[in-house]
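Okay, so here's the structure we're looking at.
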Amino acid sequence: MTKTVNHWIGGKTAEGASGTYGPVTDPATGEVTTQVAFATTEEVDAAVAAAKDAFTTWRHSSLAQRTTILFKFRALLDEHRDEIAALITAEHGKVHSDALGEVARGLEIVDLACGITVQLKGELSTQVATGVDVSSIRQPLGVVAGITPFNFPAMVPMWMFPIAVACGNTFVLKPSEKDPSVSLKIAELLAEAGLPDGVFNVVHGDKVAVDRLLEHPDVQAVSFVGSTPIARYIHTTASAHGKRVQALGGAKNHMLVLPDADLDAAADAAVSAAYGSAGERCMAISAVVAVGSIGDELVDKIRERAEKIKIGPGTDPTSEMGPLITAAHRDKVASYVSGAAAEGAEVVLDGTGYTVEGYEDGHWIGISLLDKVPTTAKAYQDEIFGPVLTVLRVDTYDDGIALINASPFGNGTAIFTRDGGAARRFQLEVEAGMVGVNVPIPVPVGYHSFGGWKDSLFGDHHIYGNDGTHFYTRGKVVTTRWPDPADAPAGVDLGFPRNH
(Lines give C-alpha, C1' and ligand atoms only; values in the text may rest on other atoms or scores of the structure.)
Protein backbone atom coordinates (compact mmCIF):
# COMPACT_ATOMS: atom_id res chain seq x y z
CA MET A 1 0.00 0.00 0.00
CA THR A 2 1.36 3.42 -0.96
CA LYS A 3 2.20 5.71 1.96
CA THR A 4 0.42 9.07 2.10
CA VAL A 5 2.10 12.26 3.30
CA ASN A 6 -0.43 14.77 4.63
CA HIS A 7 -0.25 18.34 5.92
CA TRP A 8 0.66 19.48 9.45
CA ILE A 9 -1.64 22.23 10.68
CA GLY A 10 -2.14 23.52 14.21
CA GLY A 11 0.11 20.91 15.83
CA LYS A 12 -1.31 17.79 14.22
CA THR A 13 -1.61 15.87 10.97
CA ALA A 14 -4.30 17.21 8.65
CA GLU A 15 -5.47 14.81 5.96
CA GLY A 16 -5.58 16.26 2.48
CA ALA A 17 -9.06 17.33 1.44
CA SER A 18 -8.46 18.16 -2.21
CA GLY A 19 -8.42 14.59 -3.49
CA THR A 20 -5.35 15.57 -5.53
CA TYR A 21 -2.07 13.78 -4.81
CA GLY A 22 1.39 13.89 -6.29
CA PRO A 23 3.65 10.84 -6.72
CA VAL A 24 6.87 10.49 -4.71
CA THR A 25 9.40 8.20 -6.33
CA ASP A 26 12.42 6.29 -5.06
CA PRO A 27 15.01 7.60 -7.56
CA ALA A 28 17.15 4.46 -7.25
CA THR A 29 14.35 2.12 -8.36
CA GLY A 30 11.97 4.41 -10.26
CA GLU A 31 9.15 3.03 -8.08
CA VAL A 32 6.41 5.28 -6.74
CA THR A 33 6.53 4.65 -2.99
CA THR A 34 4.47 7.51 -1.60
CA GLN A 35 1.72 9.94 -2.49
CA VAL A 36 1.65 13.50 -1.15
CA ALA A 37 -1.54 15.48 -0.63
CA PHE A 38 -1.77 18.74 -2.60
CA ALA A 39 -3.33 21.58 -0.64
CA THR A 40 -6.31 23.62 -1.72
CA THR A 41 -6.47 27.36 -1.16
CA GLU A 42 -8.68 26.66 1.85
CA GLU A 43 -6.11 24.33 3.39
CA VAL A 44 -3.38 26.94 2.98
CA ASP A 45 -5.73 29.44 4.61
CA ALA A 46 -6.24 27.02 7.53
CA ALA A 47 -2.47 26.74 8.05
CA VAL A 48 -2.03 30.51 7.94
CA ALA A 49 -4.97 30.96 10.34
CA ALA A 50 -3.40 28.48 12.78
CA ALA A 51 -0.09 30.34 12.54
CA LYS A 52 -1.79 33.72 13.00
CA ASP A 53 -3.64 32.50 16.07
CA ALA A 54 -0.44 31.03 17.58
CA PHE A 55 1.43 34.29 16.96
CA THR A 56 -0.75 36.18 19.43
CA THR A 57 0.86 34.28 22.31
CA TRP A 58 4.17 33.08 20.78
CA ARG A 59 5.30 36.65 20.08
CA HIS A 60 5.09 37.36 23.83
CA SER A 61 6.90 34.17 24.87
CA SER A 62 10.19 34.77 26.66
CA LEU A 63 13.50 34.29 24.92
CA ALA A 64 14.26 31.65 27.55
CA GLN A 65 11.11 29.71 26.62
CA ARG A 66 11.89 29.83 22.91
CA THR A 67 15.52 28.79 23.24
CA THR A 68 14.66 26.01 25.72
CA ILE A 69 12.35 24.48 23.10
CA LEU A 70 14.98 24.90 20.39
CA PHE A 71 17.64 23.21 22.53
CA LYS A 72 15.27 20.25 23.01
CA PHE A 73 14.57 20.20 19.26
CA ARG A 74 18.30 20.22 18.54
CA ALA A 75 18.82 17.20 20.80
CA LEU A 76 15.97 15.33 19.12
CA LEU A 77 17.29 16.22 15.68
CA ASP A 78 20.70 14.88 16.62
CA GLU A 79 19.14 11.72 18.05
CA HIS A 80 17.10 11.09 14.87
CA ARG A 81 19.69 12.20 12.29
CA ASP A 82 20.09 8.69 10.82
CA GLU A 83 16.33 8.32 10.43
CA ILE A 84 16.06 11.72 8.73
CA ALA A 85 18.99 10.89 6.46
CA ALA A 86 17.29 7.63 5.48
CA LEU A 87 14.12 9.55 4.52
CA ILE A 88 16.24 11.89 2.38
CA THR A 89 17.92 8.97 0.61
CA ALA A 90 14.60 7.20 0.02
CA GLU A 91 12.97 10.20 -1.68
CA HIS A 92 15.84 12.30 -3.00
CA GLY A 93 18.33 9.53 -3.79
CA LYS A 94 21.53 11.07 -2.39
CA VAL A 95 23.91 8.71 -0.62
CA HIS A 96 23.58 8.34 3.14
CA SER A 97 26.78 10.21 3.96
CA ASP A 98 25.59 13.19 1.89
CA ALA A 99 22.23 13.08 3.64
CA LEU A 100 23.91 13.03 7.05
CA GLY A 101 26.03 16.00 5.99
CA GLU A 102 22.86 17.87 5.04
CA VAL A 103 21.38 17.30 8.50
CA ALA A 104 24.63 18.46 10.11
CA ARG A 105 24.58 21.73 8.16
CA GLY A 106 20.97 22.28 9.16
CA LEU A 107 21.93 21.72 12.78
CA GLU A 108 24.35 24.66 12.49
CA ILE A 109 21.43 27.03 12.00
CA VAL A 110 19.51 25.45 14.88
CA ASP A 111 22.63 26.14 16.98
CA LEU A 112 22.50 29.77 15.85
CA ALA A 113 18.81 30.01 16.77
CA CYS A 114 19.53 28.55 20.22
CA GLY A 115 21.77 31.58 20.79
CA ILE A 116 19.31 34.10 19.33
CA THR A 117 19.32 36.06 22.58
CA VAL A 118 22.59 37.70 21.53
CA GLN A 119 21.28 38.51 18.04
CA LEU A 120 18.14 40.16 19.40
CA LYS A 121 19.86 42.50 21.82
CA GLY A 122 18.82 46.10 21.19
CA GLU A 123 20.74 49.37 21.50
CA LEU A 124 20.43 52.23 23.95
CA SER A 125 21.72 55.79 23.91
CA THR A 126 21.22 57.73 27.14
CA GLN A 127 20.96 61.47 27.57
CA VAL A 128 20.75 62.30 23.84
CA ALA A 129 19.12 65.47 25.13
CA THR A 130 18.45 66.50 28.69
CA GLY A 131 16.45 63.67 30.25
CA VAL A 132 15.94 61.92 26.89
CA ASP A 133 17.00 58.36 26.02
CA VAL A 134 16.72 56.54 22.67
CA SER A 135 16.52 52.76 22.31
CA SER A 136 16.31 50.47 19.28
CA ILE A 137 14.57 47.11 19.48
CA ARG A 138 13.66 44.36 17.00
CA GLN A 139 10.26 42.72 16.94
CA PRO A 140 8.82 39.72 15.05
CA LEU A 141 6.82 40.18 11.84
CA GLY A 142 4.00 37.68 12.36
CA VAL A 143 3.25 34.73 10.05
CA VAL A 144 6.13 34.00 7.68
CA ALA A 145 6.37 31.35 4.94
CA GLY A 146 9.15 29.22 3.51
CA ILE A 147 9.08 27.61 0.05
CA THR A 148 11.91 25.12 -0.30
CA PRO A 149 13.51 22.96 -3.05
CA PHE A 150 13.93 19.22 -3.49
CA ASN A 151 17.72 19.10 -3.31
CA PHE A 152 18.06 19.73 0.44
CA PRO A 153 14.72 18.77 2.03
CA ALA A 154 16.09 19.02 5.59
CA MET A 155 18.82 21.67 5.41
CA VAL A 156 17.10 24.46 3.48
CA PRO A 157 13.96 24.55 5.68
CA MET A 158 16.36 24.67 8.64
CA TRP A 159 18.00 27.73 7.08
CA MET A 160 14.66 29.44 7.68
CA PHE A 161 12.30 28.28 10.41
CA PRO A 162 14.66 28.01 13.43
CA ILE A 163 15.61 31.69 13.18
CA ALA A 164 12.07 32.79 12.29
CA VAL A 165 10.59 30.95 15.27
CA ALA A 166 13.37 32.03 17.65
CA CYS A 167 12.64 35.65 16.70
CA GLY A 168 8.99 35.19 17.74
CA ASN A 169 7.34 34.55 14.37
CA THR A 170 5.14 31.62 13.38
CA PHE A 171 5.92 29.62 10.25
CA VAL A 172 4.22 27.92 7.31
CA LEU A 173 6.47 25.63 5.25
CA LYS A 174 5.70 24.57 1.68
CA PRO A 175 8.37 21.96 0.94
CA SER A 176 9.10 20.33 -2.40
CA GLU A 177 6.44 17.84 -3.39
CA LYS A 178 9.18 15.53 -4.70
CA ASP A 179 10.57 14.61 -1.25
CA PRO A 180 8.08 15.75 1.41
CA SER A 181 8.46 13.22 4.23
CA VAL A 182 11.33 14.95 6.02
CA SER A 183 9.21 18.06 6.67
CA LEU A 184 6.63 15.97 8.56
CA LYS A 185 9.34 14.34 10.66
CA ILE A 186 10.69 17.79 11.54
CA ALA A 187 7.18 18.91 12.52
CA GLU A 188 6.79 15.89 14.81
CA LEU A 189 10.15 16.55 16.48
CA LEU A 190 9.27 20.22 17.04
CA ALA A 191 6.00 19.16 18.68
CA GLU A 192 7.87 16.65 20.84
CA ALA A 193 10.27 19.43 21.86
CA GLY A 194 7.30 21.43 23.17
CA LEU A 195 6.69 23.95 20.39
CA PRO A 196 3.12 25.25 20.83
CA ASP A 197 0.51 24.18 18.29
CA GLY A 198 0.36 26.40 15.22
CA VAL A 199 3.85 27.90 15.53
CA PHE A 200 5.12 25.54 12.79
CA ASN A 201 2.86 24.27 9.99
CA VAL A 202 3.43 22.32 6.76
CA VAL A 203 1.31 22.42 3.62
CA HIS A 204 2.21 20.37 0.57
CA GLY A 205 1.28 21.07 -3.00
CA ASP A 206 2.02 22.82 -6.25
CA LYS A 207 1.49 26.29 -7.71
CA VAL A 208 -1.95 26.57 -6.06
CA ALA A 209 -0.39 26.41 -2.58
CA VAL A 210 2.54 28.63 -3.52
CA ASP A 211 0.40 31.36 -5.06
CA ARG A 212 -1.94 31.44 -2.08
CA LEU A 213 1.00 31.95 0.29
CA LEU A 214 2.35 34.73 -1.94
CA GLU A 215 -0.95 36.63 -1.96
CA HIS A 216 -2.32 35.82 1.52
CA PRO A 217 -2.82 39.07 3.45
CA ASP A 218 -1.75 37.51 6.76
CA VAL A 219 1.65 36.28 5.47
CA GLN A 220 4.19 38.98 6.23
CA ALA A 221 7.32 37.56 4.62
CA VAL A 222 8.35 34.81 2.20
CA SER A 223 11.67 32.95 2.00
CA PHE A 224 12.44 30.90 -1.11
CA VAL A 225 15.28 28.80 -2.49
CA GLY A 226 15.09 27.39 -6.02
CA SER A 227 15.68 28.21 -9.67
CA THR A 228 16.17 31.76 -10.95
CA PRO A 229 12.94 31.97 -13.01
CA ILE A 230 10.84 30.91 -10.01
CA ALA A 231 12.83 33.11 -7.61
CA ARG A 232 12.09 36.09 -9.86
CA TYR A 233 8.39 35.15 -9.92
CA ILE A 234 8.27 34.71 -6.14
CA HIS A 235 9.93 38.09 -5.57
CA THR A 236 7.75 39.95 -8.05
CA THR A 237 4.47 38.40 -6.89
CA ALA A 238 5.03 38.51 -3.14
CA SER A 239 6.43 42.06 -3.31
CA ALA A 240 3.37 43.17 -5.26
CA HIS A 241 1.30 41.92 -2.31
CA GLY A 242 3.35 43.99 0.13
CA LYS A 243 5.50 41.22 1.56
CA ARG A 244 9.13 41.14 2.57
CA VAL A 245 10.93 38.63 0.28
CA GLN A 246 14.23 36.79 0.15
CA ALA A 247 14.31 34.63 -2.97
CA LEU A 248 17.51 32.72 -3.69
CA GLY A 249 17.85 31.61 -7.32
CA GLY A 250 20.12 29.51 -9.48
CA ALA A 251 23.83 29.55 -10.13
CA LYS A 252 26.69 28.86 -12.49
CA ASN A 253 29.60 28.68 -10.09
CA HIS A 254 33.09 29.12 -11.57
CA MET A 255 36.39 27.86 -10.23
CA LEU A 256 39.36 29.85 -11.51
CA VAL A 257 42.59 27.81 -11.52
CA LEU A 258 45.78 29.85 -11.88
CA PRO A 259 49.01 28.39 -13.31
CA ASP A 260 50.68 28.29 -9.88
CA ALA A 261 47.89 26.25 -8.25
CA ASP A 262 48.40 22.81 -6.71
CA LEU A 263 46.74 20.94 -9.59
CA ASP A 264 46.14 17.76 -7.57
CA ALA A 265 44.29 19.76 -4.91
CA ALA A 266 42.41 21.67 -7.62
CA ALA A 267 41.38 18.44 -9.36
CA ASP A 268 40.23 16.87 -6.09
CA ALA A 269 38.20 19.99 -5.34
CA ALA A 270 36.68 20.17 -8.81
CA VAL A 271 35.54 16.55 -8.69
CA SER A 272 33.98 16.77 -5.22
CA ALA A 273 32.36 20.15 -5.94
CA ALA A 274 31.01 19.20 -9.37
CA TYR A 275 29.83 15.64 -8.76
CA GLY A 276 28.98 15.58 -5.04
CA SER A 277 25.23 15.20 -4.45
CA ALA A 278 25.10 14.32 -8.18
CA GLY A 279 25.57 18.01 -8.94
CA GLU A 280 22.08 18.79 -7.61
CA ARG A 281 23.07 21.76 -5.50
CA CYS A 282 23.19 25.49 -6.14
CA MET A 283 26.75 25.68 -4.81
CA ALA A 284 28.13 23.02 -7.15
CA ILE A 285 31.14 24.01 -9.21
CA SER A 286 29.91 23.58 -12.76
CA ALA A 287 32.55 25.59 -14.67
CA VAL A 288 36.30 25.30 -14.22
CA VAL A 289 38.25 28.16 -15.80
CA ALA A 290 41.83 27.08 -16.53
CA VAL A 291 44.33 29.91 -16.96
CA GLY A 292 47.34 29.56 -19.27
CA SER A 293 48.99 26.28 -20.14
CA ILE A 294 47.68 24.12 -17.30
CA GLY A 295 44.40 23.12 -18.99
CA ASP A 296 45.45 19.79 -20.46
CA GLU A 297 47.10 18.54 -17.27
CA LEU A 298 44.19 19.71 -15.10
CA VAL A 299 41.59 18.02 -17.31
CA ASP A 300 43.59 14.78 -17.25
CA LYS A 301 43.68 14.84 -13.46
CA ILE A 302 39.96 15.56 -13.21
CA ARG A 303 39.12 12.76 -15.65
CA GLU A 304 41.34 10.30 -13.79
CA ARG A 305 39.52 11.01 -10.52
CA ALA A 306 36.02 11.23 -11.97
CA GLU A 307 36.29 7.82 -13.60
CA LYS A 308 36.77 6.23 -10.15
CA ILE A 309 33.52 7.57 -8.63
CA LYS A 310 31.24 4.69 -7.67
CA ILE A 311 27.62 5.34 -8.67
CA GLY A 312 24.85 3.36 -7.01
CA PRO A 313 21.84 3.47 -4.69
CA GLY A 314 22.17 5.74 -1.70
CA THR A 315 21.44 2.83 0.62
CA ASP A 316 24.69 1.14 -0.47
CA PRO A 317 27.45 2.41 1.86
CA THR A 318 30.00 2.00 -0.95
CA SER A 319 28.12 4.35 -3.29
CA GLU A 320 29.68 7.81 -3.72
CA MET A 321 26.99 9.26 -6.01
CA GLY A 322 23.31 8.41 -6.30
CA PRO A 323 20.66 8.88 -8.99
CA LEU A 324 18.95 12.12 -10.02
CA ILE A 325 15.60 13.10 -8.53
CA THR A 326 13.36 12.25 -11.52
CA ALA A 327 13.63 10.57 -14.91
CA ALA A 328 12.62 13.83 -16.62
CA HIS A 329 15.43 15.71 -14.90
CA ARG A 330 17.88 12.94 -15.80
CA ASP A 331 16.89 13.24 -19.46
CA LYS A 332 17.26 17.02 -19.41
CA VAL A 333 20.74 16.80 -17.88
CA ALA A 334 21.72 14.20 -20.50
CA SER A 335 20.60 16.50 -23.32
CA TYR A 336 23.32 19.02 -22.44
CA VAL A 337 25.98 16.36 -22.86
CA SER A 338 24.46 14.92 -26.05
CA GLY A 339 24.42 18.35 -27.68
CA ALA A 340 27.81 19.55 -26.43
CA ALA A 341 29.99 18.43 -29.33
CA ALA A 342 27.76 20.15 -31.88
CA GLU A 343 28.23 23.38 -29.92
CA GLY A 344 32.01 23.18 -30.06
CA ALA A 345 32.87 21.38 -26.83
CA GLU A 346 35.14 18.37 -26.49
CA VAL A 347 33.37 15.51 -24.68
CA VAL A 348 35.99 13.94 -22.40
CA LEU A 349 33.56 11.82 -20.37
CA ASP A 350 30.00 11.01 -21.44
CA GLY A 351 27.78 9.78 -18.61
CA THR A 352 24.59 9.47 -20.61
CA GLY A 353 23.07 6.01 -20.91
CA TYR A 354 24.54 4.88 -17.60
CA THR A 355 22.63 2.22 -15.61
CA VAL A 356 23.19 0.30 -12.39
CA GLU A 357 22.78 -3.46 -12.44
CA GLY A 358 19.69 -4.53 -10.51
CA TYR A 359 18.33 -0.97 -10.53
CA GLU A 360 17.78 -0.51 -14.25
CA ASP A 361 14.62 1.59 -13.76
CA GLY A 362 16.37 4.13 -11.54
CA HIS A 363 17.09 7.69 -12.62
CA TRP A 364 20.75 7.07 -13.39
CA ILE A 365 23.30 9.18 -15.17
CA GLY A 366 27.05 8.87 -15.10
CA ILE A 367 29.83 11.44 -14.79
CA SER A 368 30.25 13.87 -17.70
CA LEU A 369 33.24 16.14 -18.36
CA LEU A 370 33.25 18.68 -21.18
CA ASP A 371 36.45 20.49 -22.17
CA LYS A 372 37.17 23.61 -24.26
CA VAL A 373 33.56 24.68 -23.87
CA PRO A 374 32.67 27.94 -25.64
CA THR A 375 30.68 30.50 -23.65
CA THR A 376 27.96 30.28 -26.31
CA ALA A 377 27.20 26.63 -25.52
CA LYS A 378 24.00 25.84 -23.60
CA ALA A 379 26.02 23.54 -21.35
CA TYR A 380 27.85 26.66 -20.16
CA GLN A 381 25.02 29.17 -20.15
CA ASP A 382 22.38 27.13 -18.28
CA GLU A 383 22.33 25.81 -14.74
CA ILE A 384 22.38 22.08 -15.51
CA PHE A 385 21.90 20.85 -11.91
CA GLY A 386 23.50 17.49 -12.58
CA PRO A 387 26.91 15.77 -12.69
CA VAL A 388 28.26 17.69 -15.69
CA LEU A 389 31.47 19.72 -15.36
CA THR A 390 32.48 22.17 -18.08
CA VAL A 391 36.06 23.37 -18.53
CA LEU A 392 36.81 26.68 -20.22
CA ARG A 393 40.27 27.88 -21.29
CA VAL A 394 41.57 31.46 -20.94
CA ASP A 395 45.00 32.98 -21.43
CA THR A 396 45.21 35.30 -18.43
CA TYR A 397 43.76 36.08 -15.01
CA ASP A 398 42.10 39.18 -16.47
CA ASP A 399 40.41 37.06 -19.14
CA GLY A 400 39.19 34.70 -16.44
CA ILE A 401 37.74 37.39 -14.19
CA ALA A 402 36.03 39.02 -17.18
CA LEU A 403 34.48 35.69 -18.17
CA ILE A 404 33.17 35.03 -14.66
CA ASN A 405 31.80 38.54 -14.22
CA ALA A 406 29.99 38.35 -17.56
CA SER A 407 27.80 35.54 -16.22
CA PRO A 408 24.27 36.61 -15.21
CA PHE A 409 24.66 34.47 -12.08
CA GLY A 410 26.67 35.52 -9.04
CA ASN A 411 26.09 32.88 -6.39
CA GLY A 412 29.46 31.36 -5.48
CA THR A 413 32.92 31.19 -6.98
CA ALA A 414 36.41 29.96 -6.09
CA ILE A 415 40.04 30.57 -6.96
CA PHE A 416 42.87 28.07 -6.68
CA THR A 417 46.31 29.63 -6.34
CA ARG A 418 49.34 29.79 -4.06
CA ASP A 419 49.60 33.55 -4.50
CA GLY A 420 47.98 35.60 -1.72
CA GLY A 421 48.01 38.80 -3.77
CA ALA A 422 46.18 37.13 -6.65
CA ALA A 423 43.61 35.68 -4.25
CA ARG A 424 43.10 39.07 -2.63
CA ARG A 425 42.50 40.73 -6.00
CA PHE A 426 40.07 37.99 -6.95
CA GLN A 427 37.97 38.26 -3.81
CA LEU A 428 37.66 42.02 -4.32
CA GLU A 429 37.07 41.97 -8.09
CA VAL A 430 34.79 38.98 -8.62
CA GLU A 431 31.05 39.67 -8.79
CA ALA A 432 29.64 36.94 -6.58
CA GLY A 433 28.16 36.77 -3.11
CA MET A 434 30.30 33.89 -1.78
CA VAL A 435 33.98 33.40 -2.58
CA GLY A 436 36.29 30.48 -1.83
CA VAL A 437 40.07 30.74 -1.77
CA ASN A 438 41.35 27.20 -2.32
CA VAL A 439 37.90 26.16 -1.03
CA PRO A 440 35.63 24.88 -3.82
CA ILE A 441 32.21 25.18 -2.14
CA PRO A 442 32.28 28.34 -0.01
CA VAL A 443 29.01 27.80 1.87
CA PRO A 444 29.25 30.05 4.94
CA VAL A 445 29.00 28.67 8.46
CA GLY A 446 25.72 29.40 10.22
CA TYR A 447 26.75 32.67 11.85
CA HIS A 448 27.63 34.24 8.49
CA SER A 449 24.93 34.75 5.86
CA PHE A 450 24.40 32.76 2.63
CA GLY A 451 23.43 34.49 -0.60
CA GLY A 452 24.52 35.48 -4.08
CA TRP A 453 24.49 38.50 -6.34
CA LYS A 454 22.82 39.32 -9.65
CA ASP A 455 20.33 36.68 -10.86
CA SER A 456 21.16 34.43 -7.91
CA LEU A 457 19.28 36.55 -5.36
CA PHE A 458 16.10 38.61 -5.45
CA GLY A 459 15.53 40.76 -2.38
CA ASP A 460 17.79 42.64 -0.01
CA HIS A 461 18.56 40.00 2.60
CA HIS A 462 20.77 36.94 2.41
CA ILE A 463 19.66 33.88 4.37
CA TYR A 464 20.56 32.87 7.96
CA GLY A 465 23.34 34.60 9.97
CA ASN A 466 22.78 38.27 10.86
CA ASP A 467 20.77 38.82 7.68
CA GLY A 468 18.37 36.07 8.75
CA THR A 469 17.68 37.74 12.08
CA HIS A 470 17.12 41.10 10.37
CA PHE A 471 14.85 39.55 7.75
CA TYR A 472 12.56 37.95 10.32
CA THR A 473 12.34 41.05 12.54
CA ARG A 474 11.67 44.73 12.06
CA GLY A 475 13.27 47.59 13.89
CA LYS A 476 11.56 50.00 16.21
CA VAL A 477 13.13 53.09 17.78
CA VAL A 478 11.78 54.43 21.06
CA THR A 479 12.58 57.95 22.28
CA THR A 480 11.79 58.45 25.97
CA ARG A 481 11.67 61.41 28.33
CA TRP A 482 10.80 60.95 32.00
CA PRO A 483 10.39 63.87 34.38
CA ASP A 484 12.96 64.06 37.15
CA PRO A 485 11.55 62.46 40.33
CA ALA A 486 12.52 65.63 42.20
CA ASP A 487 9.81 67.37 40.15
CA ALA A 488 7.04 65.08 41.35
CA PRO A 489 3.61 66.72 41.76
CA ALA A 490 2.72 68.28 45.09
CA GLY A 491 1.62 65.71 47.59
CA VAL A 492 3.69 62.88 46.02
CA ASP A 493 6.84 62.14 48.01
CA LEU A 494 9.28 59.75 46.33
CA GLY A 495 12.01 60.55 48.82
CA PHE A 496 13.98 62.84 46.48
CA PRO A 497 15.02 66.39 47.45
CA ARG A 498 12.85 68.97 45.75
CA ASN A 499 14.47 70.93 42.87
CA HIS A 500 12.52 74.06 43.72
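Within segment 222-312, which trypsin sites (Lys or Arg not before Pro) sit in a loop by DSSP and count at most 12 neighbouring Cβ atoms inside 10 Å?
Lys308, Lys310
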Legend entry - 14 Å cut-off, amide nitrogen to a point 7 angstrom out along Ile137 Cα→Cβ, residues in segment 18-62: 59-62
Inset, instruction - Between Glu360 and Lys121, take the C-beta separation as r, use R0 = 56 Å, and let me know the FRET efficiency to the nearest 0.05. - result: 0.45
Inset, instruction - Check each of the trypsin sites (Lys or Arg not before Pro) in segment 388-496 and keep only those in coil by DSSP with at most 14 other C-beta atoms within 10 angstrom; list them in order. - result: Arg418
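When a/c reaches 1.5 or more, the comparison of a/b and b/c decides; with that in mind, is segment 43-84 rounded, prolate or oblate per its Cα gyration tensor?
On the way: a/c = 6.76, a/b = 1.39, b/c = 4.88.
The shape class here is oblate.
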Inset, instruction - Starting from the exponent 0.38 and prefactor 2.2 Å, build the expected Rg for the chain from its residue count and divide its actual Cα Rg by it. - result: 1.09
Legend entry - Förster-model FRET efficiency, 56 Å R0, Glu297 and Thr480, C-beta, rounded to 0.05: 0.25
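What value does segment 216-314 have for Rg/Rh, both radii from Cα atoms and Rh as Kirkwood defines it?
Details: Rg = 19.2 Å, Rh = 16.1 Å.
Rg/Rh for segment 216-314 comes to 1.19.
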Legend entry - Estimated inter-spin distance, Leu494 and Lys332, nm [label 7 Å along Cα→Cβ]: 6.7 nm
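In whole percent, how big is the carbon plus sulfur part of the accessible area of the chain, probe 1.4 Å, protein atoms only?
Details: 10530 of 20340 Å².
Summing carbon and sulfur atoms, their accessible area is 52 percent of the total for the chain.
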Legend entry - Inter-probe distance in nm under a simple model that places probes 7 Å from Cα toward Cβ, at Thr67 and Asp45: 4.0 nm
Inset, instruction - Could you grab the relative contact order for the chain? Cα pairs under 8 Å, six or more apart, rounded to a whole percent. - result: 18 percent
Legend entry - Per-residue ³J(HN,Hα) for segment 316-321, Karplus 6.51 cos²θ - 1.76 cosθ + 1.60, θ = phi - 60°, Hz, x for Gly and Pro: 8, x, 8, 6, 10, 8
Inset, instruction - Find the relative contact order for segment 346-388 and round it to a whole percent, using C-alpha pairs within less than 8 Å whose residues are 6+ positions apart. - result: 39 percent
Inset, instruction - Measure up Lys174/Lys332; Lys308/Lys378; Lys3/Lys310; Lys378/Lys454; Lys178/Lys308; Lys252/Lys378 against 22 Å on the Cα-Cα distance and list the ones that go over. - result: Lys174/Lys332; Lys308/Lys378; Lys3/Lys310; Lys178/Lys308
Legend entry - Mean projected area (nm²) of the alpha-carbon convex hull when segment 18-104 is viewed from all directions: 7.8 nm²
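For segment 312-371, what does the alpha-carbon gyration tensor say about shape, rounded, prolate or oblate, given a ≥ b ≥ c as the root eigenvalues, a/c under 1.5 as rounded, and a/b over b/c as prolate? Working shown, then result.
Numbers: a/c = 2.81, a/b = 1.90, b/c = 1.48.
Prolate.
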Legend entry - Eligible aspartates and glutamates near Lys476 by straight Cα distance, threshold 12 Å, same-chain separation 8 or greater: Glu123
Legend entry - Chain lengthening between Thr318 and Val208 when straightened (0.36 nm per residue, less Cα-Cα): 35.5 nm
Legend entry - Where the chain is the region considered: accessible area per residue in Å², 1.4 Å probe: 41 Å²
Inset, instruction - Using R₀ = 22 Å, calculate the FRET efficiency as 1/(1 + (r/R₀)^6) where r is the Cβ-Cβ separation of Val435 and Asp398; round to 0.05. - result: 0.80
Legend entry - Spacing of the two label points (7 Å from each Cα toward its C-beta) at Arg425 and Glu307, in nm: 3.6 nm
Legend entry - Shape of segment 272-350, Cα gyration tensor, a/c cut at 1.5: oblate
Legend entry - Sites matching GluC sites (Glu not before Pro) across segment 336-429 that sit in DSSP coil, with at most 12 neighbouring C-beta atoms within 10 Å: Glu357, Glu360
Inset, instruction - Please give the contour-minus-distance gain from Asp218 to Ala342: 0.36 nm per residue of separation, less the Cα-Cα distance, rounded to one decimal in nm. - result: 39.5 nm
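The values are calculated or read from the model by the stated rules, or taken from the named source; none is laboratory data. No experiment lies behind these values; they were computed from the predicted model shown. Note that each Cβ is placed from the backbone with ideal geometry, even for glycine, and that neighbours are counted across all protein chains shown. Remember, those area values only see protein heavy atoms, side chains included, never the ligands or the DNA or RNA. Shrake-Rupley method; radii C 1.70, N 1.55, O 1.52, S 1.80 Å.
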